[in-house]
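Just so it is clear, none of the values below were taken in a lab; they were calculated from the coordinates. Every value quoted in this text rests on a predicted model; they were computed, and no experiment measured them. Here the Cβ is made from the backbone with ideal geometry for all residues, glycine too, and neighbour counts use every protein chain on show.
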Amino acid sequence: MSVEIIKAENLSKYYDDFLAVDHISFSVEHGEIFGFLGPNGAGKTTTIRMLTGILEPNSGKVKIFGLDMKRHKIEIRERTGIVPEMANPYIDLNAMQNLMLMGKLYGMKRREIEERSIELLKLFNIYEKKNAKVRAFSKGMKQRLSLAMAMLPDPELLFLDEPTSGLDVMSARMIKRIIREEQKKGKTIFMSTHNMQDANELCNRVGIINHGKLVAIDTPEKIKKIGEKHKIIELSLYPLKFQKDAFEEKIEVLGDKIRIYTEDVDETIRKIVKYAENENLKILTLNVEKPSLEDVFMVLVGEGNE
């Protein structure tokens, strides 16, 4: 039997006259990695702040572990770890001091904090920097330390706001690996992200928010089916000479590749062949692809949000 760890009921939030989150409802089950997607200004961060008790909704309810956020905020926070988008360790403290401070805030015993801190510093490959001030850390190191701080009390639920945003490849891979390992231990993870590849690789389900409204919520594969009537033809021509107005379909030129979005693959391929013949062009490659999660995301939120 599934257990709801997060339950949002008819949540809304105004900033003066602006409706940032518009009466959304959803739940996240125990052991899920749930991705929360949306363009800038869609309401992602506002929603996370309501789910973590930082902001109070204008209407609706938040329940975490079956507990009402308004009445049980402290108890919920004791069982929750939060990593905001901007890495937030104290830059004038060293890595170990940041972890010690976090452990004290959670009421952990000193020996327990020290043992757990060493374990996490090694896990995130920053143990050798334990006595270095965070001011000198790279963004990736700060993000790894922030996640270590959130994981210090071994929380049941993690909120991660853009956990791999702007990170180098190695740091991003490390964080994704650790997220998967935490899920295997039975943890529930709620993560917002702009990275469609991360969402596709990590998440059991995703919710897409746009202009404060939930426009889709399902598994990544089922959400991709929304765009199945649209196929993508990706081709490369030599020489790279292409007139967009020769086709009625939506077209993108990406480097030396041309992507054509179509509902009629056969007709569009015939057009491409005729165009190449007329312009004396050689077709180097031509592939028909299904829409990715990113392609469907753009369909759902609209091109104006790019």
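Key figures
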{"item": "Cβ charges +1 (Lys, Arg) and -1 (Asp, Glu), total dipole of the range 185-243, debye", "result": "140"}
{"item": "Percent antiparallel among DSSP beta bridges (both partners in the range 4-225, rounded to 5)", "result": "55"}
{"item": "Tail beyond 26 Å, pair distance distribution of the chain (Cα, percent)", "result": "54"}
{"item": "Max mean-square fluctuation residue, GNM over the chain, Cα-Cα springs under 10 Å, options TYR14, TYR106, TYR275", "result": "TYR275"}
{"item": "Rounded D (µm²/s) - the range 39-155, Kirkwood Rh over Cα pairs, Stokes-Einstein at 37 °C, 0.692 mPa s", "result": "213"}
{"item": "Value of relative contact order over the range 231-289, rounded to a whole percent, pairs C-alpha under 8 Å and six or more apart", "result": "54"}
{"item": "Check: the range 134-275 dipole with +1 on Lys, Arg Cβ and -1 on Asp, Glu Cβ, in debye", "result": "360"}
{"item": "Helix-derived mean residue ellipticity, 222 nm - over the chain, DSSP H n ≥ 4, -39500 (n - 2.57), to 500", "result": "-10000 deg cm²/dmol"}
{"item": "Order of ILE54, ILE226 - criterion: other Cβ atoms within 10 Å of each residue's Cβ, fewest first", "result": "ILE54, ILE226"}
{"item": "Cα-based helix-to-principal-axis angle, 110-123 vs the chain, degrees rounded to 10", "result": "20"}
{"item": "Chain lengthening between GLU234 and GLU201 when straightened (0.36 nm per residue, less Cα-Cα)", "result": "9.6 nm"}
{"item": "Computed over the range 114-240, Kirkwood Rh from alpha-carbon pairs, angstrom", "result": "17.0"}
{"item": "Percentage, to the nearest whole number, of Cα pairs in the range 231-289 over 18 Å apart", "result": "20"}
{"item": "Dimensionless Rg over Rh [the range 16-75; C-alpha; Kirkwood]", "result": "0.96"}
{"item": "GluC sites (Glu not before Pro) within the range 215-247, DSSP loop, no more than 15 other Cβ atoms inside 10 Å", "result": "GLU228"}
{"item": "Fully extended contour minus Cα-Cα distance, from GLU252 to HIS72, at 0.36 nm per residue", "result": "59.8 nm"}
{"item": "Difference of contour (0.36 nm per residue) and Cα-Cα distance, LYS104 to ASP264", "result": "51.4 nm"}
{"item": "Pairs from LYS109/LYS176; LYS185/LYS224; LYS61/LYS122; LYS213/LYS250; LYS142/LYS224 whose Cα-Cα separation, in the structure shown, is over 32 Å", "result": "LYS61/LYS122; LYS142/LYS224"}
{"item": "Relative counts (whole %) of C-alpha pair distances in the range 84-142, using bins that are 10 Å wide", "result": "24, 56, 20"}
{"item": "Within the chain: Cβ-based charge dipole about Cα centre, in debye rounded to nearest 20 (Lys, Arg +1; Asp, Glu -1)", "result": "1300"}
